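Below is one structure, written out as structure tokens; comments come after it.
None of the figures in this text is laboratory data; all of them are computed from the coordinates on show. Fair warning: this is a prediction, and the values are worked out from it, not measured in the lab. Here the Cβ is made from the backbone with ideal geometry for all residues, glycine too, and neighbour counts use every protein chain on show.
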Amino acid sequence: MLLFFLLVASACPFVLVGPSPRWAPLRAEKDPVSQALIRKLERIELSRETEAPGVIDIGESTAYEPRDGRTPWAVVHFVGGAGLGTVPGAAYGYLLGAIADAAGVGVVATPYDLGLDHYESLRDVQAKFDAALKALKAQRAWEATKVFGLGHSLGAKLLLLSDDGRYDKVVAVAANNMGVADSAKLLKEFLIALGGDDDEAGASSSPTKNKNAALDGLFDLVGMAAAAAGVDVVPSPAETLNRLLGATDVAFLAFDGDALDSTDQLADALPNRPDVVRLPGGHLSCVYIAAPFAVGSPAAVQDVTDAIARALQIVNPPAPPTLLSPAKDDDDDDD
């Protein structure tokens, strides 16, 4: 039994801590699964151009604005999925830049650490968003006549739990409402998509099939341990369905080949069930990473971008573009 829980502690981003039974996030430096995922995301983030057009590092968050100089007519708060949402610019940068361009909006992506208390995670990302938006209003003259929430996977659940009326609309992409046991499947899929857990230069790699089989066994063990211990996220999947804010305007996007999707159960829980836009693809179809890992495709992300842009513009189509032009010199006034 001791060996069983040692294996779980080494694989799962949560461990039993303290003198009384409670679960808390495990520090990344002690968690090999988180280490592998974070190493890959950090390598992707480091490869990003620090002065890329339309990309603004603002505190702990990353912001995106239209690259053609338009003043954003609305602001989108983006929250990513479990694991990938830790470094959202690395996993979702291509998508978020495309949304800013296509819809003429500003996008603020806020990172969060993976934990069991989803209310705490929601408070964390909203505090980061508020700080980033305040700075962007001052530094970039952003306006916020409309504020939308955009979430992928677990990030969609977090935004759907918001009850303070801050979002004019929430767009939930591949929404996930799983407990701990099933959430292990998400981390496994993210890690496999990024090439498994062996990313050291020059390291020999076993066949992909063997790697994936090993990860299957490891994460199945995590799920069984969580179920046996009676551990779950807060709020649980059932509690989440009872706490959804029906007054918030919600749009759902789902992928036909997504086995990790909870869209239908979440949509059914709302008093007025919204329509669900269905696209071809899987759970990670909104992710595209060109280098140093080849994940996803620009074509798939473009389909997602178009669907999100349409969902945002249903609320309030943007006014004709206003260009951010540099201040004129005094001499320019004399013709």
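Where does each of 169-179, 268-278, 151-161 land if you order them by average Cβ count within 10 Å, highest first? Could you put the intermediate results ahead of the total?
Numbers: 169-179: 25.2, 268-278: 12.8, 151-161: 27.2.
Result, highest mean Cβ count within 10 Å first: 151-161, 169-179, 268-278.
Give the shape of the range 114-179 as rounded, prolate or oblate, defined through the alpha-carbon gyration tensor: a ≥ b ≥ c are the square roots of its eigenvalues, a/c under 1.5 means rounded, and otherwise the shape is prolate if a/b is larger than b/c and oblate if not. Please list the in-between numbers first.
Numbers: a/c = 2.43, a/b = 1.74, b/c = 1.40.
Prolate is the answer for the range 114-179, as a/c is 1.5 or above and a/b outweighs b/c.
From the Cα gyration tensor of the range 248-316, with a ≥ b ≥ c the square roots of its eigenvalues, which class applies: rounded if a/c is under 1.5, or else prolate if a/b is larger than b/c, or else oblate? Could you put the intermediate results ahead of the total?
Details: a/c = 2.92, a/b = 1.60, b/c = 1.82.
Oblate shape, in that a/c is at least 1.5 and b/c is the bigger or equal ratio.
Quick check: residue separation of Gln265 and Tyr119 times 0.36 nm, minus the Cα distance between them. What number comes out in nm?
Details: separation 146, 0.36 × 146 = 52.56 nm, distance 1.99 nm.
Full extension of this stretch gives 50.6 nm more.
Can you work out the FRET efficiency for the pair Ala238 and Ala138, with r the C-beta to C-beta distance and R0 = 30 Å, to the nearest 0.05? Could you put the intermediate results ahead of the total?
Details: r = 43 Å, r/R0 = 1.43.
About 0.10, to the nearest 0.05.
Work the Kirkwood hydrodynamic radius out for the range 59-191: mean of 1/r over every pair of different alpha-carbon atoms, inverted, in Å.
One decimal place: 14.8 Å for the Kirkwood radius.
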